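Report on the following structure.
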Amino acid sequence: MLTITDLHVSYGNIVALRGVSLELAEGEIVAVIGPNGAGKSTLLLTVAGVVRAKQGEVRLGGASVLGVAPEVLASRGVALVPEGRHIFGSLTVAENIALGATTRRDRQAVVADIERALDMFPILRERYRQRAGKLSGGEQQMLAIARALLARPKLLLLDEPSLGLAPLIVRQVYDAIFELKRQGMTILVVEQSVHRAVAAADRAYVMNSGQITMSGRSSELHGTAAFDAAYFGVDAGKGAR
Ligand SMILES: Nc1ncnc2c1ncn2[C@@H]1O[C@H](COP(=O)(O)OP(=O)(O)O)[C@@H](O)[C@H]1O
Ligand SMILES: [Mg+2]
């Protein structure tokens, strides 16, 4: 469903991606794991059309989408839950969720989708009329995902959903990600923290300094010395932990 080929992205003189290639089949969860500054957010922002690539190809369902505007990509089913969540703290939970459906005209289906999102995250039902700024970090992450779901995405891009969350909350967020996969969603998730994402994903790519340094089935990557070397960089691989 998503094919990225030889993607190069720079911010002025700063090279963020140097020839990234990656594939994501329909219904798969794929994780991209890498340290801070590896280029993970840039990868998602480029797929979502927010950041422009210098070179390479991004194909969505067979069609080339590089250079297509973010609104157009959203209407074609690409939803990004950005790093830091970007929820509106002064708006209520209800209002934030509704923002995910602003371009939809099928009101009754929207109401049903809100119910489904609240079933997935019952805490949001409890907090429905509260200001989003009062939510905990984990609740805000759930809200950001719920809002993205209201657009009925075909491809969900999750940027560090576990960042800054306590382990129990991370588990709740990943339980929801699992549930979305069970429902057939295609998900590309990027994380610094290795364990949860790799455990959840069908396959994982390791990214370091703008390049994919390793890839494979999650179960085969995790805990191997080669994985550590790919994550930390070849030199830092030995004894870095
Ligand atoms: N808006 C920006 N302007 C300039 N440099 C940026 C910008 N965003 C990211 N970078 C740089 O691009 C590289 C990759 O960043 P990023 O994609 O955010 O990595 P990650 O999400 O893996 O931490 C880093 O060197 C970072 O400093
Ligand atoms: Mg990032």
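The values are calculated or read from the model by the stated rules, or taken from the named source; none is laboratory data. Quick caveat: nothing in here was measured; it's all calculated off a predicted structure. Cβ atoms come from the backbone with ideal geometry, glycine included; neighbour counts cover every protein chain shown.
Numbers for the structure displayed
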read-out: Residue, nearest to ligand 2 (Cβ to nearest atom), within the range 79-91, restricted to residues that are surrounded by fewer than 16 Cβ atoms within 10 Å (Cβ to Cβ) and closer than 21 Å to Thr42 by Cα; value: Gly84
read-out: Condition met for Gly62 (at pLDDT below 95 and within 18 Å of the chain's Cα centre (by Cα)); value: no
read-out: Filtered residue count, the range 170-204, keeping only those that are out of contact with any helix residue (DSSP H, G or I) (no Cβ under 9 Å at 6 or more places or on another chain) and surrounded by 23 or more Cβ atoms within 10 Å (Cβ to Cβ); value: 0
read-out: Any hit, the range 58-78, residues being under 22 Å from Ser162 (Cα atoms) and hydrophobic (A, V, I, L, M, F, W, C); value: yes
read-out: Total residues in the range 59-82, condition touching an Asp or Glu at 6+ places or on another chain (Cβ under 9 Å) and under 22 Å from Ala101 (Cα atoms); value: 3
